[in-house]
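Here's the structure we're looking at; comments come further down.
The values are calculated or read from the model by the stated rules, or taken from the named source; none is laboratory data. Remember, predicted model here, so these are calculated numbers, not experimental data. Methodologically, a virtual Cβ is constructed for each residue, glycine included, from the backbone with ideal geometry; neighbour enumeration extends over all protein chains shown. With ligands, DNA and RNA removed, areas are computed over all heavy atoms of the protein, side chains included. Shrake-Rupley method; radii C 1.70, N 1.55, O 1.52, S 1.80 Å.
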Amino acid sequence: MKLRQSTTIAQVTMKPKLLLSVFALLPMTTLEASSLSVADDEVLRAGLMPRPAHVRVGDDTFQLGSNTRVIGTGAAAAEAAKLAEALSIVLGRPIPVSIGPADKGDIELVLVQGDSSTSSEGYQLSIDRNGVRIRAATPAGLFYGGITLRQLVWPGVRDLVGVADTRGKGVFIRAMEITDTPRFSWRGLLVDPARHFLPFDFLKKMVDLMALHKLNTLQIHLTDDQGWRFEVKKYPRLTEIGSRRAESPKRGAPNTGDGVPYGPFFYTQAEMRELVDYARARHVTIVPEIEMPGHFLAALAAYPEFSCTGGPFHVHTRWGVHSDILCAGNEAAVGFARDVLGEVIEVFPSEFIHIGGDEAPRERWKACPKCQARIQKEGLKNEAQLQTWFNGQIEQFLASRGRRLIGWDEILEGGLTPGAAVMSWRGIRGGIAAAEAGHDVVMSPTSHCYLDYAQGKGPLEPESIGGFIPLAKVYSFEPVPSELPAEKHRHVLGVQGNLWGEFMWSPQDVEYFAFPRAVALAEVAWSPVQSRNYSEFIGRLDRHLKRLEGLNVNYRKLDQYDRSGEIQ
Ligand code: ACM
Ligand code: ZN
């Protein structure tokens, strides 16, 4: 591989802070500009997903032979062990791990010291005839370099396209140098076990699949009108009563009941701790979502005293929004919300705690003497401001424990509390308004990011909540709105795809709705915007889907419509 030193850093779209953190420390080595099309070809042949920011390809090859080890010392050792295990699984033979020193033919992970930034998830992956080296400023960067390497040697893909082959001597990988870093720090998916419970092991599978695509935030919608899925030790009836429902909407006829009792289904705190650890090892953050004050009926079925009317209630047996919500005028109800979140915080170490906040009808508050007294006492103008007041109570509680509140964009309606972050779902307007006011936002609009919407128009498409968001539409999403002033762009933390569970009865259904659209979303979240090219993406996706096949993912097959790139 003919490399020459270069002082130029090619145009990369990323936050300037991140650009400096990895690249300033790593001497850039580049090939002649004329080899760039070779690089494009190589990215395509390998089906790298999401597309790395920069790839340069050399002439020779690296042989991942029987002597190859993965080397990592100090803080890099844990990542080296994970990569060795992952490569062993991909290659079907053990790849040893060692603390070094690295020999010819080894794969070495190097944590670059002296970098003051810990936020960067970027990496540099250098492959030449003598070995492989992954350099990064953080363990996450090493991990993502390892993900890219894993994709380069993936057998089903390798055999298909000849990126490398076994030829009886090991795996051959084209010499190349990849410098890569994510565009956004929040690269998320949401799953919804409240509507249809998802087995614990499936959550782990989702974490694995997210890590493969360099997605890093899994929001779990743990509570809703139709079910409470998180064990709270102080309030055992939340799961004793709230995790069951008398029946569910019937498949194919959601306005009638199926007559089948559902539950009890919930996750214990021990399970959630295990998931948090599992996800942490894959650089995925679990963000718990506990809905309040609306979408709260399962909690009120268990503890009706925290409603405005006193109940009684039962866990909702139909989809849709319920009118009975938490009584914000009742100090005990606000205390209940704090107590629940207190236990949530003990289990989930995420910076952000999602409190929902969407679709909270305010008619009960209008008729409730306690809520009206609260409005009077606090000098609030209306019920929207009462929700803001309630959010403020919760935000202060979270802040006292070092956490941040995030909620759906309805939390803007009565005015945002000072530290709140917004997840913009009813389009991008809420996200723009919040970012303009200096709040952090995650873009997750129904127009592009609702992965529970239909993704095809054919007669064989499964029942869904409606809508139409084909693969190309997801791929076309631009999370930073053009009307947002440049100095506010940093408030757009990233993007999230939502897999609401009403019409997903099983893990296989979730996989069908998620893939391949989550792959497109991963590229939106990770790759430089200038490199986005749908037809080129489809070429890589054809290769990448072999990987998903190998992982037993029930993805939706591409049809002519997907290949055409039409989005209407
Ligand atoms: C939502 O879809 N109600 C956030
Ligand atoms: Zn009330």
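Output the number of the condition that ALA332 fails; it satisfies all remaining conditions of (1) surrounded by 15 or more Cβ atoms within 10 Å (Cβ to Cβ); (2) free of Cβ contacts under 8 Å to residues at least 40 places away in the same chain; (3) within 12 Å of ligand 2 (Cβ to nearest atom).
Result: ALA332 fails condition (1) only.
Checking the condition under 20 Å from THR446 (Cβ atoms) and either among the charged types (D, E, K, R) or open to solvent by 30 Å² or more (accessible area, probe 1.4 Å) (or both), which residue from GLU549, GLU566, GLU536, GLU511 passes?
From the options GLU549, GLU566, GLU536, GLU511, the qualifying one is GLU566.
Keeping to region 395-414, report how many residues are open to solvent by less than 30 Å² (accessible area, probe 1.4 Å) and away from ligand 2 (no atom under 16 Å from the Cβ).
Summing the residues that are open to solvent by less than 30 Å² (accessible area, probe 1.4 Å) and away from ligand 2 (no atom under 16 Å from the Cβ) in region 395-414 gives 10.
Which numbered condition trips up GLY58, out of (1) buried (at least 16 other Cβ atoms within 10 Å of the Cβ); (2) under 18 Å from PRO528 (Cα atoms)?
Among (1) buried (at least 16 other Cβ atoms within 10 Å of the Cβ); (2) under 18 Å from PRO528 (Cα atoms), GLY58 violates only (2).
From the residues in region 157-209 that are at pLDDT below 85 and of a type in the set (Lys, Arg), which one is least open to solvent (accessible area, probe 1.4 Å)?
This residue is ARG158.
Which of the residues spanning region 247-264 are hydrophobic (A, V, I, L, M, F, W, C) and open to solvent by 70 Å² or more (accessible area, probe 1.4 Å)?
Correct list: VAL260 only.
Looking only at region 298-325, how many residues end up being in contact with a helix residue (DSSP H, G or I) (Cβ under 6 Å, 6 or more places away or on another chain), in contact (Cβ under 8 Å) with a residue 60 or more places away in the chain and either within 9 Å of ligand 2 (Cβ to nearest atom) or farther than 23 Å from PHE397 by Cβ (or both)?
Of the residues in region 298-325, 5 are in contact with a helix residue (DSSP H, G or I) (Cβ under 6 Å, 6 or more places away or on another chain), in contact (Cβ under 8 Å) with a residue 60 or more places away in the chain and either within 9 Å of ligand 2 (Cβ to nearest atom) or farther than 23 Å from PHE397 by Cβ (or both).
Would you check if SER482 is in a helix (DSSP H, G or I), open to solvent by 30 Å² or more (accessible area, probe 1.4 Å) and over 24 Å from ARG195 (Cα atoms)?
When the stated conditions are applied, SER482 does not pass them.
Criterion first (open to solvent by 40 Å² or more (accessible area, probe 1.4 Å) and under 24 Å from the mean Cα position of the chain (by Cα)) does ARG426 satisfy it?
On the way: open to solvent by 40 Å² or more (accessible area, probe 1.4 Å): yes; under 24 Å from the mean Cα position of the chain (by Cα): yes.
Spelling it out, ARG426 is indeed open to solvent by 40 Å² or more (accessible area, probe 1.4 Å) and under 24 Å from the mean Cα position of the chain (by Cα).
Given the conditions (1) away from ligand 2 (no atom under 16 Å from the Cβ); (2) open to solvent by less than 30 Å² (accessible area, probe 1.4 Å); (3) under 26 Å from ASP440 (Cβ atoms), and given that PRO349 satisfies all but one, which numbered condition is not satisfied?
In the conditions (1) away from ligand 2 (no atom under 16 Å from the Cβ); (2) open to solvent by less than 30 Å² (accessible area, probe 1.4 Å); (3) under 26 Å from ASP440 (Cβ atoms), PRO349 misses (2) alone.
Restricting the first residue to region 61-89 and requiring it to be over 11 Å from GLY131 (Cα atoms), which pairs with a second residue that is open to solvent by 30 Å² or more (accessible area, probe 1.4 Å) and basic (Lys, Arg) meet a Cβ separation below 7 Å and a spacing of at least six or different chains?
Going by the 7 Å Cβ cut-off, the qualifying pairs are ALA86/ARG150; LEU87/ARG150.
Somewhere in region 425-435, is a residue farther than 26 Å from SER185 by Cβ and modelled with pLDDT of 95 or more?
We begin by selecting, within region 425-435, every residue farther than 26 Å from SER185 by Cβ; these are none.
No, that holds for no residue.
Within region 440-460, is there a residue that is more than 16 Å from ligand 1 (Cβ to nearest atom), assigned to a helix (DSSP H, G or I), in contact (Cβ under 8 Å) with a residue 12 or more places away in the chain and open to solvent by less than 50 Å² (accessible area, probe 1.4 Å)?
no
Okay, residues lined up against (1) closer than 22 Å to GLN269 by Cα; (2) away from ligand 1 (no atom under 16 Å from the Cβ); (3) touching a His at 6+ places or on another chain (Cβ under 6 Å):
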| position | (1), (2), (3) |
| --- | --- |
| ILE325 | no, no, no |
| GLY335 | yes, yes, no |
| VAL340 | yes, yes, no |
| ILE355 | yes, no, no |
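With respect to PHE468, determine if the residue is closer than 30 Å to MET49 by Cβ and open to solvent by 20 Å² or more (accessible area, probe 1.4 Å).
Working: closer than 30 Å to MET49 by Cβ: yes; open to solvent by 20 Å² or more (accessible area, probe 1.4 Å): yes.
So PHE468 passes the test.
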